[in-house]
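A short write-up of the structure that comes next.
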Amino acid sequence: MKEKFVKLAHGSGGVEMHELVEKLIISRVEKKRVEGGLGIDFPDDGALIPMGDGRYLVISTDSYTVNPPFFPGGNIGTLAAAGSINDVLMMGGTPLAALDAVVVEEGFPVEDLSTLLGSMIEVFRSENVAVIGGDFKVMPKGAVDKVIINTTVLGVTRTPIIDVPKEGDKIIVSGHVGDHGAVILLLQMGLGERVEELEKGYLKSDVRPLTKLMLPLVDKYAGHIRAARDPTRGGLAGVLNEWARAAGKVVVLDEARVPMRRPVKDYAEMLGVDPLYLASEGAAVLSVDPSVAEEVVDYMKSLGFGDASIVGEVRSSEKYKGYVLLRSTIGGYRILEPPSGDLVPRIC
Amino acid sequence: MDSRLVIESVFRENRELAYQLRDYIVRMLEKLQERWGSPPRLKVMDFCGTHEWTITHYGIRSLLPKNLELVAGPGCPVCVTPSHEIEAAIRLALDGITVYTYGDSYRLRTVKPVRGAFSLAEARALGGSVKVVTSIYDAIFDAERHGKPSVFLGIGFETVAPGYAHVLLGHLMPKNLHLLSLVRLTPPAMFYSLGMLREKPPEPPVMGVIAPGHVSTITGAKAWVPVAETFGIPVVVAGFEPIDVMMAIALILRQLLQGRAEVEIEYKRAVTFDGDLRAQAAISRAFQVVDAAWRGIGFLPRSGYEIREEYSEHDARKAYGIPSMKVEDWRKDIPPGCKCAEVVLGKAKPTDCPLFLKRCSPSTPYGPCMVSIEGTCAIWARFGEGGLTEEMAKELGLLRPEGR
Amino acid sequence: MCWGVPAIVTKVINEITAEVDFGDGMPKRVVLGISAADIEPGAAVLVHAGVIVSRLSYEQIEDVIRYIEELAAIAGEAPPEDLIRRLRSLFQEVKR
């Protein structure tokens, strides 16, 4: 193994993480899927198991760690519930049930824990997802940082979305991207302790379940949606690179069309970080059949996602497959590289 | 809010003006051909790393005609920071001293590892105390709070020097925080690289320089007058938005057409001819100019700032016995076959190196220009400079035909 | 090296420090690289690595129009009237 120690960069959802996970897990697992389903060796939001009646069971699991656990726009509880619900939705599934596993640090205030878990339970309730089981552990002080929540959400679908973008597809985003990632950067920059000020700032996480967007959309346009993903770690750049690589296509992105909130842009600029790599927790990216793309955008708008827009398209090129080519705001071109390393501010 | 609005709509998100300037550039090159009697082929040096970033990030090369090349100069303080200084910082971090660094130098790799760590990022993974900050002020704030021994890794050019100077002169740092000054001065490096180019002119020759805008806010545009006079080429001080850079290229061509070789300021909204005299005074009170080592280049006379004796209580070199490098200790930290030195000086493009994207790539870096993710070779490889993006855009039928 | 970011001064604290807003609504302390006498709340400045290195001048921004006209002339083309008109009205708006 090249690396002797795990670095933060290994958890940033970029190239380093994929390499490590491939080496330590995927390559060593013999049975990678249930017959007829989708498994660990395909990069997507979750797994599929055929139920024998034409339907599929959709399963997705995720562990959530944010420090501090409360942040503008939400907390680790809302994130844990919405995040895994969204993963199931992006597979084309209707979320039905959830399991949660909570690890808490000794000494963590019960009141705070109650608030966090209350938020989580509220999201599951509002999205009509049953909480059917879970696990609860306490670690000695210092052995874990405050609280970690793992959620597993199960759903069913007749029309799974297995991400394979096709030539000519339009890339659609449901709205502003990068909001959650900007807040996380803010916390990492050590501003997490200025909680009151943070609340007054313009940066808010966009964390929310996308049920009201995805269920009607999948209902109406299943088959036309060739891929769906929520751009969490690694951001829009991460999703598009994964798609380009997996489908052996070129994705062309028009930077000027990507909807982004002013404060997110400004904050990213201040730190010298590219906002296309910032996570969203309440946005969807779709690859859609061009014949219905405009219609899909209009329908998304009617569902309350007013900033939905076409931001790019999928092209074919044997020579350059796997690349994402970005058209800049002045019309020049550059490669939008896959995420790598942890996002750090720069001065040069 | 307004300044951002103007800057964005005028200088950043302005395809219309970008295409307009591109057309002017094409026309002016045609006129140069009439004047010179042969098709002009020329290089313009973008000295500053941030200019190179703008050029890459906005795909400016893909907008320019092929006979006008942009070549990056040695203007990245991260890339020119000698390996041994980063090694010293890693050693401190692993010894339990908190090291504050900008994000740029956080990932900068050393030539040889220190106790298994090739960078401050790796030192942190090994348990070292490394904190990424965006300014020395963040470090002061944090160090005051925890009170433990700490060092600020003070890389940068003239642009950061006034900030460090005010901190030193005002004794703003708590006793437990020391500054490791790695400040480098840009004019000596520009002189050196252009001098090297004059000795052995590249083909095509460098016929203009885009000078660093933010350095010039401090030094004033006057700092570049000797460059224009000595080398007889136009120097345009430019801002960092894509339109600024394209405008600067157009202004350089205008000077060539008019037979001028002067210093001109494109970046008037921030730069004056004299610069900030108060800042210059503060800098010279706090620092003395010394000969300094530049990674990949060598020892340049009078090209670095060292903290003056009067403020040595804040100097990390004194507090932790970190020696400055002596000329006789200088070893080129460049491996055999690697063209990094020429790339850093603007003599060669990354694509001129036989190792580029063959033996040497971002995943298996060989030379320092690829090792540092901000290095010119790494940037070209990551973002497809040197023709790759144009080829891709052409293959996909996206590129606008040349001219109109 | 020169990642500079425009910001608006919200407070001048003393001779060496000020507070600025980068647009994220979180006031941030910065070191004054220029004289405190040269700025006041509301001033647009350039911040590099936590240091104010320059005050932005709106008057000088308008020079961009002069450059466009001059470059058009030397390139032998008519000035882009539409673009220039739009830039002018933008500058007017900002001044107000």
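Quick look at the numbers
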read-out	value
Any hit, the range B:120-140, residues being out of contact with any strand residue (DSSP E or B) (no Cβ under 9 Å at 6 or more places or on another chain), surrounded by fewer than 23 Cβ atoms within 10 Å (Cβ to Cβ) and either polar (S, T, N, Q) or under 24 Å from C:R29 (Cβ atoms) (or both)	no
Subset of the range A:295-322 (residues that are assigned to a strand (DSSP E or B), away from chain B (no Cβ under 14 Å) and out of contact with any Leu (no Cβ under 8 Å at 6 or more places or on another chain))	A:S309, A:I310
Odd one out for B:A211 among (1) crowded, with 24+ Cβ neighbours inside 10 Å; (2) over 25 Å from B:W53 (Cα atoms); (3) not basic (K, R)	(2)
Any hit, the range B:186-198, residues being modelled with pLDDT of 95 or more and more than 18 Å from the chain's Cα centre (by Cα)	no
Top-ranked residue in the range B:376-394 [being touching a Gly at 6+ places or on another chain (Cβ under 8 Å) and not polar (S, T, N, Q); ranked as surrounded by the most Cβ atoms within 10 Å (Cβ to Cβ)]	B:C377
A:L325 being in contact (Cβ under 8 Å) with a residue 24 or more places away in the chain and away from chain B (no Cβ under 13 Å)	no
Search result, residues across the range A:199-235 that are within 14 Å of chain C (Cβ to nearest Cβ) and crowded, with 23+ Cβ neighbours inside 10 Å	A:L203, A:S205
Residue in the range B:151-165 that is more than 14 Å from chain C (Cβ to nearest Cβ) and either crowded, with 24+ Cβ neighbours inside 10 Å or more than 22 Å from C:K28 (Cβ to Cβ) (or both) present	yes
Residue in the range A:19-30 that is within 14 Å of chain B (Cβ to nearest Cβ), without any contact (Cβ under 8 Å) to a residue 24 or more places away in the chain and not charged (D, E, K, R) present	yes
Subset tally (residues that are touching a Pro at 6+ places or on another chain (Cβ under 6 Å), in a helix (DSSP H, G or I) and either on the phi > 0 side of the Ramachandran plot or not polar (S, T, N, Q) (or both)) for the range B:19-60	3
Of residues in the range B:128-151 being farther than 25 Å from A:V6 by Cα and of a type in the set (K, R), the one modelled with the lowest pLDDT	B:R145
Any hit, the range B:110-127, residues being under 18 Å from the mean Cα position of the chain (by Cα) and modelled with pLDDT under 95	no
Any pair with Cβ under 9 angstrom, 6 or more apart, that starts in the range B:2-14 at a residue that is at the interface with chain C (Cβ under 7 Å from one of its Cβ atoms) and ends at one that is hydroxyl-bearing (S, T, Y)	B:D2/C:Y58; B:S3/C:Y58; B:V6/C:Y58
Selection within the range B:280-294 - touching a strand residue (DSSP E or B) at 6+ places or on another chain (Cβ under 8 Å) and of a type outside the set (F, W, Y)	B:I283, B:A286, B:Q288, B:V289, B:V290, B:D291, B:A292, B:A293
Residue match in the range A:281-291 (condition: surrounded by 20 or more Cβ atoms within 10 Å (Cβ to Cβ), among the hydroxyl-bearing types (S, T, Y) and within 11 Å of chain B (Cβ to nearest Cβ))	no
Any hit, the range B:135-156, residues being closer than 23 Å to B:P74 by Cβ and not aliphatic (A, V, I, L, M)	yes
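The values are calculated or read from the model by the stated rules, or taken from the named source; none is laboratory data. The structure presented is a predicted model; accordingly, all values stated were derived computationally and were not measured. Quick reminder, even Gly has a Cβ in these numbers, built from the backbone with ideal geometry, and neighbours come from all protein chains shown.
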